[in-house]
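A.B. asks: Okay, handing you the structure first.
The values are calculated or read from the model by the stated rules, or taken from the named source; none is laboratory data. In this text, all values refer to a predicted model and were calculated from it rather than measured experimentally. Don't worry about glycine lacking a Cβ; one is built from the backbone with ideal geometry, like all the others, and counts go over all protein chains shown.
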Amino acid sequence: MVELQSFYDTYRLYDVSDSRLRIRHYLGNKLYMFSGIGIEAEKDKHGFRPPPPRVKLINGFGYDLNEKFTFEAAQDLHFNKANFGNYSTPNLFSVCGKYKF
């Protein structure tokens with residue numbers, strides 16, 4: 001399965017957009033692994049020069065508890081040498097739950 005994700009957040013100084021392309025491979029009925037690439041960019045609100053976009057590699061696994069709830073653990077690894085900006089982290093490990101409605 002191929003997924004396209006996009007996020008947009010607004011902060012006091014910058015607007016941040018994050019787009020990802022992930023490939024999901026099921027190992028069983030409910031357990032899956034995913035991997036992909038993403039790009040994160042900041043748009044300035046007050047005339048400052050934003051840092052260049054950051055490219056990152058996304059890896060992780062997930063489990064579908066039922067049709068409506070999914071649990072995921074993921075690592076975002078930034079691998080370029082761009083300045084990481086105000087609202088970015090060089091590496092991020094996250095655990096999340098997703099509810100579909």
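A.B. asks: For region 49-77, name all the residues that are in a loop (DSSP other than H, G, I, E, B) and charged (D, E, K, R).
C.D. replies: Selection gives R49, E67, K68.
A.B. asks: For region 77-87, state whether one or more residues are modelled with pLDDT of 85 or more and not basic (K, R).
C.D. replies: yes
A.B. asks: Next question, about the same structure. Counting only residues that are outside any strand (DSSP E or B) and out of contact with any Phe, Trp or Tyr (no Cβ under 8 Å at 6 or more places or on another chain), which one in region 88-101 is modelled with the lowest pLDDT?
C.D. replies: Here the residue is S88.
A.B. asks: Take the conditions in contact with a His (Cβ under 9 Å, 6 or more places away or on another chain) and part of a strand (DSSP E or B) and apply them to F7. Does it pass?
C.D. replies: Against the criterion (in contact with a His (Cβ under 9 Å, 6 or more places away or on another chain) and part of a strand (DSSP E or B)), F7 does not qualify.
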